[in-house]
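Since the structure comes first, as structure tokens, the remarks are kept for the end.
The values are calculated or read from the model by the stated rules, or taken from the named source; none is laboratory data. Everything numeric here is computed off the predicted structure, so don't read it as measured data. All Cβ positions, even for glycine, are placed from backbone atoms using ideal geometry, and neighbour counts span all protein chains on display. Note: accessible area is taken over every heavy atom of the protein model, side chains too, but ligands, DNA and RNA are not part of it. Shrake-Rupley method; radii C 1.70, N 1.55, O 1.52, S 1.80 Å.
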Amino acid sequence: MADDLGDEWWENQPTGAGSSPEASDGEGGGRDTEVMQQETVPIPASSKKTKQPKECFLIQPKERKDNTTKTRKRRKKKITDVLAKSEPKPGVPEDLQKLMKDYYSSSRSVIELEELNLPDSCFLKANDLTHSLSSYLKEICPKWVKLRRNHTEKKSVLMLIICSSAIRALELIRSMTAFRGDSKVIKLFAKHIKVQEQVELLEKRVVHLGVGTPGRIKELVKQGGLNLNPLKFLVFDWNWRDQKLRRMMDIPEIRKEVFELLEMGVLSLCKSESLKLGLF
């Protein structure tokens, strides 16, 4: 009986907020949920952090493209850059001989290449970069006045000066005033002058000096307007450089025309020692 009363009494007791273990458990569960909510609050911040790598990833490819373009530009080397670093050296006969061998090496045999070798006696003294054109011509041809007086053949010249362009030819004509004196000079280039006009000038009067480009001179020889047999001096404007620091023989088109002109009788005249070559 006492035990039954005790059980009924315990069950009929009011359940207080602070006395029941279930109530304490309920309060503990409420605090846990608040803590969990606080921990989940920084989720938006983490989403912001995920955007930052995306922005960095978009910038990096642009920088790589810029770097690749810069490296490509640096790899390109022009002849101007190479020649700008090299000191100017006066041309020598060996330079012309070497260029001839390199030019014909792919199309000629060893025996034919040996036939292209010119004797040292056919070369005049080369310019050591201290001469003007007039002083150089006076040195290689001290008897010029006598030679030009004895020259009476038309369609020919005593001296040819070969350069790379018409503008350079005009500069050379102006710079040789002290040497030429009363000599008759003809312009042998293509700019503003037709081949037929030059042929007519050579037929009408005696000319002593010709200054021009190898392409036009070659064309005049081909058409019979210019005879190379009376020629005594052939001077190359060898050491002069243009705005790109290229010499005459550094330009492939000019180099090709020079060698074609040499094969049109110049080499045979050199070997017969009736023609002398000079490098100015």
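Do the conditions hold for residue 202, that is, is it in contact with a Gly (Cβ under 7 Å, 6 or more places away or on another chain) and assigned to a helix (DSSP H, G or I)?
yes
Just wondering, is there one or more residues in the range 157-173 that are farther than 13 Å from residue 278 by Cα, among the basic types (Lys, Arg), surrounded by 10 or more Cβ atoms within 10 Å (Cβ to Cβ) and at pLDDT 90 or above?
yes
Could you tell me whether any residue of the range 110-129 is open to solvent by 80 Å² or more (accessible area, probe 1.4 Å) and of a type in the set (Val, Ile, Thr)?
Yes - at least one qualifying residue is present in the range 110-129.
Being under 21 Å from residue 168 (Cα atoms), part of a loop (DSSP other than H, G, I, E, B) and open to solvent by less than 20 Å² (accessible area, probe 1.4 Å) is the filter here, so list the residues in the range 223-258 that pass it. Working first, answer last.
At the first step, the residues of the range 223-258 found to be under 21 Å from residue 168 (Cα atoms) are 233-258.
Then drop every residue that is not part of a loop (DSSP other than H, G, I, E, B), which leaves 237-240, 242-246, 251.
Of everything in the range 223-258, those that are under 21 Å from residue 168 (Cα atoms), part of a loop (DSSP other than H, G, I, E, B) and open to solvent by less than 20 Å² (accessible area, probe 1.4 Å) turn out to be 237, 238.
For the range 184-198, state whether one or more residues are open to solvent by less than 60 Å² (accessible area, probe 1.4 Å) and over 35 Å from the mean Cα position of the chain (by Cα).
no
If you go through the range 128-165, how many residues are in contact (Cβ under 8 Å) with a residue 12 or more places away in the chain and assigned to a loop (DSSP other than H, G, I, E, B)?
Of the residues in that region, 15 qualify.
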